[in-house]
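Participant: Here it is, the structure in full.
The values are calculated or read from the model by the stated rules, or taken from the named source; none is laboratory data. Since the model is a prediction, treat every value here as computed from it, not as a measurement. Don't worry about glycine lacking a Cβ; one is built from the backbone with ideal geometry, like all the others, and counts go over all protein chains shown.
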Amino acid sequence: MIHFLSRITICDAKIRNSPAHHNTEWMGKGSLLSVVRRAVIICLAWLGPISFANGLSTDREQPIYVEADSAEADEAHKTVTYKGTVIVTQGSMRINGETVTLYYDENRTLTKAKVKGRPARFQQRPDGSKEKQHAKANRMEYFANRDLIILLGNAHSWQGKRRISADRIEFDTKKSRVRAHGKRTAKSKDSRTDKSSRVRIVVPIKQK
């Protein structure tokens, strides 16, 4: 049985001089920890699956790999925070951000994830599709119990020629529902001159 270590910071310098560098079992059952040039790569299958969209059905069965400059586990708050050009992959799913924070319950089941970047990026290939689903925003939030993904700030999502952009985009993967919200930045007596970050959608025409 492997337990979280309270306020443990995982980075190149500390791993080289710690027991974890020689014994990776403390990271969890079935985990793999290896030090590369600048990053820590962690196989996090024991932490539970992440599926941020209706991706390949086999994605959930794949281990999760996280690459970052540093990682910090906080037992009190049941979080793991990765910093420094973070890359998360699981099957066809890939997430890029400057900071990724994963939240867990007492059973080590993922409950929430937050991604920050410039921008934060996400991609995954849905079942039955050759084209990957892409998304980017200043921030991304995932709520596992609600199957909800929220893109916040300069949000964009696209698959092939189908595109949607807004200040906020919400994906309800359980109900297959998408909501997009604009952000009004200024008001005017003449609504035609209102400056706002409006929702924009591109729907390609099927070629005959």
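Participant: If you take the residues of the stretch 74-112 that are surrounded by 19 or more Cβ atoms within 10 Å (Cβ to Cβ) and hydrophobic (A, V, I, L, M, F, W, C), which of them is nearest to the chain's Cα centre (by Cα)?
Facilitator: Looking at the filtered set, the residue picked out is 95.
Participant: Of all residues in the stretch 66-123 being without any contact (Cβ under 8 Å) to a residue 60 or more places away in the chain and acidic (Asp, Glu), which is farthest from residue 155 (Cα to Cα)?
Facilitator: 106
Participant: Same structure again: Looking at the stretch 134-151, which of the residues that are assigned to a strand (DSSP E or B) and of a type in the set (Gly, Ala, Ser) is surrounded by the fewest Cβ atoms within 10 Å (Cβ to Cβ)?
Facilitator: First, the residues of the stretch 134-151 that are assigned to a strand (DSSP E or B): 134-143, 148-151.
Now restrict to residues that are of a type in the set (Gly, Ala, Ser): 135, 137.
Details: 135: 24, 137: 26.
Only one residue tops the list, namely 135.
Participant: Among the numbered criteria (1) over 25 Å from residue 165 (Cβ atoms); (2) of a type outside the set (Phe, Trp, Tyr); (3) surrounded by fewer than 18 Cβ atoms within 10 Å (Cβ to Cβ), which single criterion is violated by residue 131?
Facilitator: (1)
Participant: Additional query: Would you list the strands (runs of 3 or more DSSP E) that sit entirely within the stretch 63-119 and hold 1 or more residues that are of a type outside the set (A, V, I, L, M, F, W, C) and under 23 Å from residue 146 (Cα atoms)? Full working, then the answer.
Facilitator: Details: elements: 65-68, 70-74, 79-90, 93-104.
The strands (runs of 3 or more DSSP E) meeting that bar are 79-90, 93-104.
Participant: Taking residue 75 as meeting all but one of (1) touching a Ser or Thr at 6+ places or on another chain (Cβ under 6 Å); (2) more than 28 Å from residue 167 (Cβ to Cβ); (3) modelled with pLDDT of 90 or more, write down the number of the exception.
Facilitator: (3)
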